[in-house]
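S.K.: Mind looking over this structure? Questions follow.
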Amino acid sequence: MLKLLRRGAARPEAVTPGSSWRPPADTLWLDLFKPTREEELAVEAALSLGLPTREEMAEIEPSSRLYQAHGATFMTASLLARRGDDSQSRADAPVTFVLAAGIVVTIRYDELKAFDLFAERAQSMEVASASSCLLGLLDAVVERLADLLERSGAEVEGVSQAIFARPKGAQFEALLTDLARAQSLTSLTRNSLMSLSRLFSFAALAPEISADPECAAHLHALQRDGQSLTEHAGAQSGQIAFLLDAALGLINIEQNGIIKFFSVAAVILMPPTLVASVYGMNFKHMPELDLPYGYPMALSLMAVSAILPVLWFKRRGWF
């Protein structure tokens, strides 16, 4: 699908390019979403550029993601996109931004809420140039990542309170699952922010941005926001690791308590069992069996042998 945003338009419009298609003169943004080969060839012919393929966009080395060619600036970043029907499941999605001939071209194969958000704001933002359009897109991306971090942070805080205020004996499975999900989202967000940080540094080399003081200042603000969010994601990741260690520590304490209880119970019952075993032997000559107080004596001996370990454990503070 190919959409284009024109200067002053309310929202991007879908187009079907032909063999000799050319974008209108007031075009600011060409959005290639899951493009067909015909759409890629039409845009390449219109702008005299070679667009990266999906396989090339997936490369991780900086030289394949950030480069300038034929007067255009190519920048690829890993952004977060939903995967499947699960609203909580996200994965890295490579997105390429191309700034050339007064137009910004985006190539993506996943739905991104930040792009929809920018498309809704385009008219009120009064986008004047391709470079300001690019920075507006990146601004929406950073804002979206900040929202995800904020949501993940609130979930982590809720898990933290649940861990330390939970009733004794409550299950940890749901809490550990929430922590694992928050850690995965935080890690993906941090990777995306680091990818954007490299993109911001390279974007400063684009002539369209370096020659415009307003765009250069906007890009510098995005760099500061990205760095701040990266540090926040790192701190949040550390907090999740601490909560995970705390949860596992509490699980070990409870398991040790259970094992301790059964160990103490086994030691307490061992002497009475020994006494019962002795008098349960079927020997012919056992004097106590003929005594009238033999049975109470055996019971008393078993009771004393059980009470003595209890008193000793209490004295040692183990029971």
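S.K.: Which three numbers, in whole Å and largest first, are the semi-axes of the equivalent ellipsoid of segment 254-316 derived from its Cα gyration tensor as √(5λ)?
M.R.: After diagonalising the Cα gyration tensor, the semi-axes are 31, 13, 6 Å.
S.K.: To continue, here is another question. Can you pull the one-decimal nm distance between simple spin-label points at His285 and Ala174, each 7 Å off the Cα toward Cβ?
M.R.: 7.0
S.K.: Would you mind calculating the gained length between Tyr293 and Arg22 on full extension (0.36 nm times residue separation, minus the Cα-Cα distance), in nm to one decimal?
M.R.: Values: separation 271, 0.36 × 271 = 97.56 nm, distance 11.29 nm.
In short, 86.3 nm is gained.
S.K.: I'd like to compare 291-298, 203-210, 11-18, 266-273: which one has the highest average count of other Cβ atoms within 10 Å, and what's the full order after that?
M.R.: 203-210, 266-273, 11-18, 291-298
S.K.: Could you work out how far apart the two model spin labels at Arg224 and Phe261 are, taking each label as a point 7 Å from the Cα in the direction of the beta carbon, and quote it in nm?
M.R.: Going by the 7 Å Cα→Cβ label model, 5.7 nm.
S.K.: Pull up the cross-link candidates among the aspartates and glutamates for Lys3, meaning alpha carbon to alpha carbon under 13 Å and not fewer than 8 places away within one chain.
M.R.: Candidates past the 8-residue exclusion: Glu13, Asp31, Glu39, Glu40, Asp116.
S.K.: Over the Cα atoms of the chain, what is the Rg over Rh ratio if Rh follows Kirkwood? Please report the intermediate quantities before stating the final value.
M.R.: On the way: Rg = 34.5 Å, Rh = 24.7 Å.
Rounded to two decimals, Rg over Rh is 1.40.
S.K.: How much length is gained if the chain between Thr53 and Ala91 is pulled fully straight, taking 0.36 nm per residue apart and subtracting their Cα-Cα distance, in nm to one decimal?
M.R.: Stretched out fully, the Thr53 to Ala91 stretch lengthens by 11.7 nm.
S.K.: Sorted by packing (mean other beta-carbon atoms within 10 Å per residue), highest first, where do 214-224, 132-142, 57-67 land? Don't skip to the end; give the middle numbers.
M.R.: On the way: 214-224: 15.9, 132-142: 23.3, 57-67: 14.2.
Highest to lowest by the protection proxy: 132-142, 214-224, 57-67.
S.K.: Rounded, prolate or oblate: pick one for segment 1-93, where a ≥ b ≥ c are the square roots of the eigenvalues of its C-alpha gyration tensor, a/c under 1.5 means rounded, and failing that, prolate if a/b is larger than b/c, else oblate.
M.R.: In terms of gyration-tensor shape, oblate.
S.K.: A follow-up question, please. How much length is gained if the chain between Leu205 and Arg181 is pulled fully straight, taking 0.36 nm per residue apart and subtracting their Cα-Cα distance, in nm to one decimal?
M.R.: Working: separation 24, 0.36 × 24 = 8.64 nm, distance 3.73 nm.
Additional length available on full extension: 4.9 nm.
S.K.: For segment 97-243, list log₁₀ I(q)/I(0) at each q in 0.15, 0.19, 0.21 Å⁻¹, using the Debye formula over Cα point scatterers of equal strength and ignoring solvent, two decimals each.
M.R.: Per q value, in the given order, log10 I(q)/I(0) is -0.80, -1.10, -1.26.
S.K.: A further question on this structure: For Glu44 and Met125, what does the FRET efficiency come to when R0 = 45 Å and r is the distance between their Cβ atoms, rounded to the nearest 0.05?
M.R.: Efficiency, from the Cβ-Cβ distance: 0.95.
S.K.: Measuring from label point to label point, each 7 Å out along Cα→Cβ, what is the Gln161 to Asp245 span in nm?
M.R.: Taking the two extended label points, one gets 2.5 nm.
Quick note: the coordinates plus some simple rules give every number you see, no bench work behind them. Predicted model only: the values in this text are computed from it and were never measured. Cβ: placed from backbone, ideal geometry, glycine included. Neighbour counts: every protein chain shown.
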